[in-house]
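Nothing in this text is a laboratory measurement; each read-out follows from the coordinates by a stated rule. Values in this document were obtained by computation on a predicted structure and should not be read as measured data. Every residue, glycine among them, receives a Cβ derived from its backbone with ideal geometry; neighbour counts consider all protein chains shown.
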Amino acid sequence: FNDPASNLGLEDIIRKALMGNLEERQE
Amino acid sequence: KRMHLVCPMNTSPHVDPQKSGHEVWEEFSHSFTPAVREVVEFAKKIPGFRDLSQHDQVSLLKAGTFEVLVVRFASLFDVKDRTVTFLGGKKYSVDTLRAMGASDLLNSMFDFSEKLINLGLSEEEMSLFTAVVLVSADRSGIENVNSVEALQETLIRALRSLITKNHPNESAIFTKLLLKLPDLRSLNNMHSEQLLAFKVH
């Protein structure tokens with residue numbers, strides 16, 4: 001409950017949206 | 001008691017009483033996901049943001065997405081008519097939303113939106129201000145505070161330079177904008193409390 005962003009599922013959405021970009025960087 | 005979702009990030013404040021709590025939550029999530037994705041896409045375009053560690057990029061977005069959305073969607077709050085436009089496109093009056101259970105957060109959002117819109121910023125200025133809102137080194141969980149701080153200072157300098165160039169006779173605008181940052185924090189805290197109360201219910 002102390003992390004509203006995680007409770008909202010926000011972190012998951014953010015990670016997925018960032019992912020493509022981060023994968024490109026790793027390559 | 002009938003439940004309502006008074007956040008304008010919903011399609012509508014009305015909730016189908018036949019739906020389970022989980023289904024209502026799923027629907028809400030479905031409504032705000034595109035807006036959150038847009039915030040992430042915006043962040044990716046901030047020069048230097050992608051050079052921060054993945055952990056810090058996620059931490060800044062987790063902590064600041066609500067504040068960015070408040071700035072981006074300030075125009076949903078019509079101060080003159082005292083109405084809020086939901087993502088579904090329909091307007092609801094403050095009195096109606098109050099009757100549905102809206103708290104003081106709603107009034108605070110109106111106050112903030114009115115003051116921000118009254119500054120009459122251009123799209124470019126608003127964009128740079130939004131970047132300053134997002135890149136804040138004092139968010140919780142930041143690993144590399146120095147890197148975030150350096151980027152934050154660069155963005156603040158760029159904002160000051162742009163505002164000074166565009167409004168040479170209105171030097172107070174930059175100060176007023178910086179004073180919006182604690183206002184946004186306060187709205188963010190109020191919003192988190194509402195979410196907590198919602199989850200507990």
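Here are the numbers:
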{"read-out": "Angle between chain B longest axis and helix B:21-45 axis [Cα atoms, degrees, rounded to 10]", "value": "10 degrees"}
{"read-out": "Euclidean distance of C-alpha centroids, region B:167-197 and region B:1-79, integer Å", "value": "18 Å"}
{"read-out": "Compactness of region B:102-201 as Cα Rg over 2.2 N^0.38 Å, two decimals", "value": "1.23"}
{"read-out": "Reciprocal of mean inverse Cα separation for chain B (Kirkwood radius, Å)", "value": "18.1 Å"}
{"read-out": "Residue-by-residue Karplus 3J(HN,Hα) for region B:68-78, coefficients 6.51, -1.76, 1.60, Hz, glycine and proline x", "value": "5, 5, 4, 5, 5, 9, 4, 6, 6, 9, 8"}
{"read-out": "Farthest toward positive dipole pole in the protein assembly as shown [+1 Lys/Arg, -1 Asp/Glu at C-beta], among B:ASN144, B:LEU76, B:ALA35", "value": "B:LEU76"}
{"read-out": "Cβ-Cβ FRET estimate between B:ASN169 and B:SER75, R0 fixed at 30 Å, reported to 0.05", "value": "0.70"}
{"read-out": "Given charges at beta-carbon only (K, R positive; D, E negative), |dipole| of the protein assembly as shown in Debye", "value": "460 debye"}
{"read-out": "Partner lysines for B:LYS115 [C-alpha distance under 18 Å; skip if fewer than 8 residues away on the same chain]", "value": "B:LYS80, B:LYS176, B:LYS180"}
{"read-out": "Residues of type lysines that B:LYS44 reaches as a straight line, Cα spacing below 17 Å, ignoring anything fewer than 8 places off in the same chain", "value": "A:LYS16, B:LYS62"}
{"read-out": "5 angstrom amide H check on B:ARG139, placed H, neighbours 5+ away", "value": "none"}
{"read-out": "Prolate/oblate/rounded label for region B:55-150 (Cα gyration tensor, a/c 1.5)", "value": "prolate"}
{"read-out": "Helix B:123-134 vs. chain B, principal-axis angle (Cα, 0 to 90°, nearest 10)", "value": "80 degrees"}
